[in-house]
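*Asks:* I'd like to ask some things about the structure below.
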Amino acid sequence: MSIIRRLILAACLMAGLTPAFAQAPAPVPALPDTERRTSYSISGTTCACAVGFALYGDSTDYQNWVEVWINGQQATFNDPARGWTITSPSGSLATLSRPITDAVLTFTSTQTGTIQIVGARRPRRTSQVAENRGVAARDFNQTITDLVAQNREVWDKINDVTGRAVLAPPGETLKVLAAAASRANLGACFDSGGNLVSCASVPSTTIAAGNGILFTGTNPTTITNNIAGGAPITVTGTNPLTIGCPTCGNGNVINSGTPTNHQTPVWTDATHVKGIGPGTAGQQLTSNGASADPSYQSGGWVLLNTLTAANSATLTDTTSITSTYSEYEVLIENMLCASASQSLLLQINSGGVFQNTGYNTQAISGTGAAVSASTTTNGILAMNAASCPTSGVGVYTRFHASYAGGSTVLVFHGTFEQSGLAVGGMVGGSYPNLGAIGGIRLLAGSGNLTSGIMKIYGRL
């Protein structure tokens, strides 16, 4: 074989192998079941943001593939201040195989706010598959996925009543809007049939708001009134109006004294009303008999705190015991302990520390004719010692506490019920060592408090 023939054969062989080394386009990805929309929040940048979904548009007119919104307003691609482009780091839009999966949105000038990129492919088909031959799977997938993507974009926009269009409920229809020239600069209203129609433009129209009120003028609109009060009431002034009663009396209600905020009105005779109070926190309005005005007086209980046990080591309060109140009530309701044979104890915070010894306390209980007593130094007993129930009906105790000879010793005394309310008795005690009282806490001798409530009340 001659040299020339060998060269020709080698060239033909190399030409035939060239397609085997060409880069094949990537497979067409499946279309996610998600809205074809991507959002960003940017500040003072041109975005350079990933589009976030595959683009199937042909040619290079990317403005017909997506919509771009800035702070709720659509921005056109060639807007002088808000224009934008679509590019791909993989190459030119004109030559890249479809779909483009790495498209990037970039503004021509810096923007700030919420950016939304929305799929909006304009349907068209500028070329057809050659006839009389099979269709490659990739070509088929690209065409079908392109169609489904367009369907999804339309569905996202108008699906049922959750989309972005004005839609009537199923079974109803809306009439076509009037021509743009007929509705320009007018308001949008609904007529008696529920259809959108043009209506008066508020800035250029006088609106009457019923007898006595009139809106006039444009930007600003002036509100005038023709309000008059029937005798003896007068209406005077403008902005604000003053409603007065200069001739009230002789059977008409008048003020007695100068009212202040948060007072309670009280009749002083057939024609006069005056304000009582407002008193201080914790006081109650109390009658002083038929011949005297009521007054705010101390004596009512004020709920200061509610503590609920939930497998708790302690129920602790360090804010309620203050100089504001002279006496307290502590209610223990349906309290259960986690461990058997435990005492239920109330301890005092004295001198900044909760004390766990040095108490004087005693519980006296009776079942039928039997009477028993128990004591401890670890806290004030809220029931019989070493008998806190672990299930069923819990302990119910009501303590009354008052100061003894000063403000550093609180003496507790009260009653309790336990053992399914079959055992009852009296409890009491105190922590005698002097020190500023900073709070109280309830706890079991050992283990946690499973459930129950402790309420603290104060009285002036």
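The values are calculated or read from the model by the stated rules, or taken from the named source; none is laboratory data. Keep in mind the model is a prediction, meaning the values are calculated, not measured. All Cβ positions, even for glycine, are placed from backbone atoms using ideal geometry, and neighbour counts span all protein chains on display.
*Asks:* Checking the structure you have, find out if any residue of segment 388-400 is in contact with a Leu (Cβ under 6 Å, 6 or more places away or on another chain), among the small types (Gly, Ala, Ser) and outside any strand (DSSP E or B).
*Replies:* Yes - at least one qualifying residue is present in segment 388-400.
*Asks:* Only one residue in Asn384, Asn356 is touching a strand residue (DSSP E or B) at 6+ places or on another chain (Cβ under 6 Å) and free of Cβ contacts under 8 Å to residues at least 60 places away in the same chain, so which one is that?
*Replies:* Within the list Asn384, Asn356, the selection yields Asn384.
*Asks:* Can you say whether Ser192 is among the hydroxyl-bearing types (Ser, Thr, Tyr), at pLDDT 75 or above and within 41 Å of the chain's Cα centre (by Cα), as far as the supplied structure shows?
*Replies:* It is true that Ser192 is among the hydroxyl-bearing types (Ser, Thr, Tyr), at pLDDT 75 or above and within 41 Å of the chain's Cα centre (by Cα).
*Asks:* Does segment 157-171 hold any residues that are surrounded by 10 or more Cβ atoms within 10 Å (Cβ to Cβ) and either at pLDDT 85 or above or among the aliphatic types (A, V, I, L, M) (or both), and which are they?
*Replies:* Within segment 157-171, Ile158, Val161, Val166, Leu167, Ala168 meet the criteria.
*Asks:* Could you check, for segment 429-446, whether at least one of its residues is outside any strand (DSSP E or B), out of contact with any Leu (no Cβ under 8 Å at 6 or more places or on another chain), modelled with pLDDT of 85 or more and among the hydroxyl-bearing types (Ser, Thr, Tyr)?
*Replies:* yes
*Asks:* Then there is this: Can you tell which of Gly394, Gly445 is crowded, with 17+ Cβ neighbours inside 10 Å, small (Gly, Ala, Ser) and within 20 Å of Glu329 (Cα to Cα)?
*Replies:* Testing whether each residue is crowded, with 17+ Cβ neighbours inside 10 Å, small (Gly, Ala, Ser) and within 20 Å of Glu329 (Cα to Cα) leaves just Gly394.
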